[in-house]
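Encoded as structure tokens, the structure appears first; notes follow it.
What follows draws every value from the coordinates through simple rules; no lab data is involved. On a predicted model such as this, the values are computed, not experimentally measured, just so you know. Counting neighbours? That spans all protein chains shown, and the Cβs are built from the backbone with ideal geometry, glycine included.
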Ligand code: SF4
Ligand code: SF4
Ligand code: FES
């Protein structure tokens, strides 16, 4: 057909018996062909052994999350020819999401993802009066505006698969769970605020602010924004954990540095955050690698420091 173009789809296959291998398929697509349609046609017309997940084909169910040309994406929200145009090649690679255990081909085990989500109690806990039908608790428009964005998560797992912090820190809940947790933490109808603080605050300080979750989320949920907002609730937590305390000290040190010099003086911020003893290993490392001199540089104040102070409300 006119306007059709041949593409080569390189799929990273996997099964328990054979392990991993790459397999190529050729087919013609047009400008409307989604990557889920590509996979469906490969499966029905060329290779019934290919395994992948998809259901709604409209970015709602979250089941078609995978890597396409190395990018964490929803296959149904990705047009084959858009990838050809973006990468200047008719070869498109398809792989399972990172981080999760592979089951078969593009299907991964989502158990880890679901357990993170359920840890944050992902539902509203309304008051007894509301549950008994004796009262109605309506959400104000401004509250709805705050929550709306964070309600759009479809549990696809892309943000978790792309997050470096979940890979190295078992105490970190991960971006999707934080988005879900904050959505209820900020809901005025919810009744377990204290409990949610205990679940979320320590973990929120374990995020590295790399913004990968922000970049890959197909629903623009902005999990990292919910993590920032959750950190602002630290002051309401009765028993702070060492991680949350360090985080708060870090913020105070940054604020002090900007107030005094108009700049973030990395070395003094680091020392004020971790203390001399806490910084010892890094100081030794810096010394051994000839980098201590950079830590000792005393930076000049910015010229108009009074304006900086004014901006900071002094
Ligand atoms: S910003 Fe935080 S939550 Fe998001 S991907 Fe990076 S480390 Fe993970
Ligand atoms: S926050 Fe976005 S990327 Fe993460 S699971 Fe939800 S919809 Fe998917
Ligand atoms: S098939 Fe449902 S989100 Fe892609």
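Points worth noting:
- Using only alpha-carbon positions in segment 179-241, the gyration tensor eigenvalues give semi-axes of 21, 15, 7 Å once each is multiplied by 5 and square-rooted (largest first).
- Cα gyration tensor, segment 57-162 - rounded (a/c under 1.5), prolate or oblate: prolate
- Spherically averaged projected area of segment 111-238 from its Cα convex hull (nm²): 8.1
- Segment residue 124-residue 235, length gained on full extension (0.36 nm per residue, minus Cα span): 37.7 nm
- Order of 237, 39 - criterion: other Cβ atoms within 10 Å of each residue's Cβ, fewest first: 237, 39
- If R0 equals 30 Å, the separation of the Cβ atoms of residue 311 and residue 168 corresponds to a calculated FRET efficiency of about 0.25.
- Residue order, fewest to most surrounding Cβ atoms within 10 angstrom, among 87, 211: 211, 87
- Helical mean residue ellipticity (222 nm; -39500 (n - 2.57) per DSSP H run of 4+; nearest 500) of the chain: -12500 deg cm²/dmol
- The value obtained for segment 191-314, namely the Cα convex hull volume divided by the number of residues, is 163 Å³ per residue.
- Measuring between their Cα centroids, segment 223-282 and segment 40-117 lie 39 Å from each other.
- Percent of Cα-Cα distances greater than 18 Å, calculated over segment 105-159: 56
- Kirkwood Rh and Cα Rg combined as Rg/Rh, the chain: 1.06
- Computed on the Cα trace of segment 1-63, the radius of gyration divided by the Kirkwood hydrodynamic radius gives Rg/Rh = 1.00.
- Residues 270, 182, 114, 285, arranged from fewest to most other Cβ atoms within 10 angstrom of their Cβ, appear as 285, 114, 270, 182.
- Taking every Cα-Cα distance in segment 5-108 and sorting them into 10 Å bins from zero, the calculated P(r) comes out as 16, 53, 29, 2 percent.
- Alpha-carbon Rg/Rh ratio, for segment 243-311, with Rh computed the Kirkwood way: 1.04
- Acute angle (nearest 10 degrees) that the helix 193-204 long axis makes with the longest principal axis of the chain, alpha-carbon atoms: 80
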